[in-house]
Amino acid sequence: MNIRKLQLVLITFGVLIFTACKKQDIQGNVPESKKESSIALTKQTALLNYNLSNWMSFLPDTTSIAQVSIPGTHDSGARFEPVSGTAKCQELTIAEQLSAGVRFLDVRCRHINNTFAIHHDLVYQNLNYSDVLKACIDFLNANPSETIIMSVKEEYTATGNTRSFEDTFDAYVQENASKWDLGTGISKISALRGKIKLLRRFSSGKAKGIDATQWADNTTFDISNPAANLKIQDEYRVANTDAKWTRIRTLLDAAHQDTSNRLYINFGSGYKPLIFGIPDIRTVNNFINPKITAFFGGNPSGKYGVMPLDFVTSDLARGIIKSNFNPAL
C-alpha cells in the first residue's frame, strides 16, 4: 500500500469513529452543556409562541403539576354582592378566567334540591355548577393540551336534598366522566391534558381526587396522606396586609426551592375585618395584587406553585405563567 492509499484509509477510519461518537451523543449520552442548551432553547420557543389559552401545551408531558407555576382564582364564581366590597371576588366569568390563563378554580357549592348552586357564604352568585362545568368542558374541548385543577367545597346551608353532597357531585361527574381525573395522586401533565383534576374539600365514602378535607382554618398548613402532599397558605382574615404579603412571599420561596412532588397552594386572597365582622375584600386585594405583579414582573424562573387570587387579570396570570418559561438567571 502506498502512502496516498494509507492516508485515505486513516482519514476514512477517523471519520467513521467521529460519526459513531456523534451518533452515541444523539442516542442519549448528550453532554451536559448540550442538555442545558436544549432546555434553554425549549423555554425560548415557549416564550415566543405560547398564549394564555394554550400555555400548558409547552410543558413536557413528564412534568408534575407540582412543578409548575399556576395562576388560579379564589371563590372563582363570586361576581355579585349585596354591599360593595363584601362578597365579590372576581370580575371575569369562569370562561374568561380560563382564557386569561387561569388553571386552578376554587368552586363553592351550596347543596340545594339535589343540585349545586354557586355561593359565597350566604350570597347566591347567579350561577350553578352546571354552568361552571359547561365553561370548563367547552374550554378543554377547544384547548385539549390544558388541564384545570378544581377545588370543590360545600358552602353555606344544605336544604331540600334527598341524597348526600357526594352523590350529587358524582351525578355531575357522570354527565362527562371522560373529562375528569379523580385519581388521588399529584399527577403528571400527560395524564391530565383535556381533563379536570379534582381537589376534594368535601367528605367522601371512597378515595376520590386529591384529598384536601383536612383543610385548616386561616393559617399556613400541611396536608399529607399516602397519595398526596400539600402545603397551603390560606390566611384569609387579614389584620395586617404587610404580614399577609410576608406569608405569601415565604411560600413562594419555599415552593421555588422544593424539588419534591409536594403541591403548594398559596392564596393571595383575603379580607380585612371591619366593624360587626363585615369583610373588606378590596383593601387587601388593592395591596396584594400589585405586590404579586411586581414579584413576577422581575421575570423569576422556575416553579412557584398554585396562586389563587381575587380579581385576577390576564396580565397577572401572564406574569405567573411566564415563570415556567423564563430562562434561569
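Each reported figure results from applying straightforward, stated rules to the coordinates on display, with no laboratory input. All values reported here derive from a predicted model rather than from experimental measurement. Glycine gets a Cβ as well: all are built from the backbone with ideal geometry, and neighbour counts include every protein chain shown.
How big is the charge dipole of the chain about its Cα centre, in debye rounded to the nearest 20, if each Lys and Arg gets +1 on its Cβ and each Asp and Glu gets -1 on its Cβ?
Roughly 1300 debye for the chain.
Scan region 63-118 for chymotrypsin sites (Phe, Trp or Tyr not before Pro) in coil per DSSP, keeping those whose Cβ has at most 15 other Cβ atoms within 10 Å, and list them by number.
Sparse-neighbourhood loop chymotrypsin sites (Phe, Trp or Tyr not before Pro): PHE80.
Using Cβ contacts closer than 10 Å as the measure, can you line up CYS89, CYS136 from fewest to most?
CYS136, CYS89
Give me the Debye-computed log₁₀ of I(q)/I(0) at q = 0.13, 0.15, 0.16 Å⁻¹ for region 133-203, equal point scatterers on Cα only, no solvent, two decimals.
For region 133-203 at q = 0.13, 0.15, 0.16 Å⁻¹, log10 I(q)/I(0) is -0.41, -0.54, -0.60.
If you rank SER269, SER314, SER203 by fewest surrounding Cβ atoms within 10 Å, what's the result?
In increasing order of surrounding Cβ atoms, one gets SER203, SER314, SER269.
How large is the charge dipole for region 100-233, taken about the Cα centre, if only the Cβ atoms of Lys, Arg (+1) and Asp, Glu (-1) carry charge, to the nearest 20 debye? Walk me through the numbers on the way to the answer.
Working: 16 positive and 15 negative charges, 74 e Å.
With Lys and Arg at +1 and Asp and Glu at -1, about 360 debye.
Past the 29 Å Cα-Cα mark, which pairs from LYS153/LYS195; LYS43/LYS153; LYS195/LYS272?
Among LYS153/LYS195; LYS43/LYS153; LYS195/LYS272, the Cα-Cα distance tops 29 Å for LYS43/LYS153; LYS195/LYS272.
Given region 208-329, report the % of alpha carbon pairs whose separation exceeds 17 Å.
When all Cα pairs of region 208-329 are counted, 58 percent exceed 17 Å.
Taking the alpha-carbon set of the chain, what are its Rg and Dmax in Å?
24.2, 104
Which value in Å is the Kirkwood Rh of region 53-169 over different Cα pairs?
Here the Kirkwood hydrodynamic radius works out to 15.2 Å.
Fewest Cβ neighbours within 10 Å first, please rank TRP180, TRP55 accordingly.
TRP180, TRP55
Quick one: grab Rg to one decimal and Dmax as a whole number for region 156-249, Cα atoms only, in Å.
Using the Cα atoms of region 156-249, the pair Rg, Dmax is 16.3, 46 Å.
Give, in nm to one decimal, the length gained when the segment between ASP121 and SER224 is fully stretched (0.36 nm per residue of separation minus the Cα-Cα distance).
34.3 nm
Hey, rough spin-label estimate for ASN240 and THR93, points 7 angstrom out along Cα→Cβ, what's it come to in nanometres?
4.3 nm
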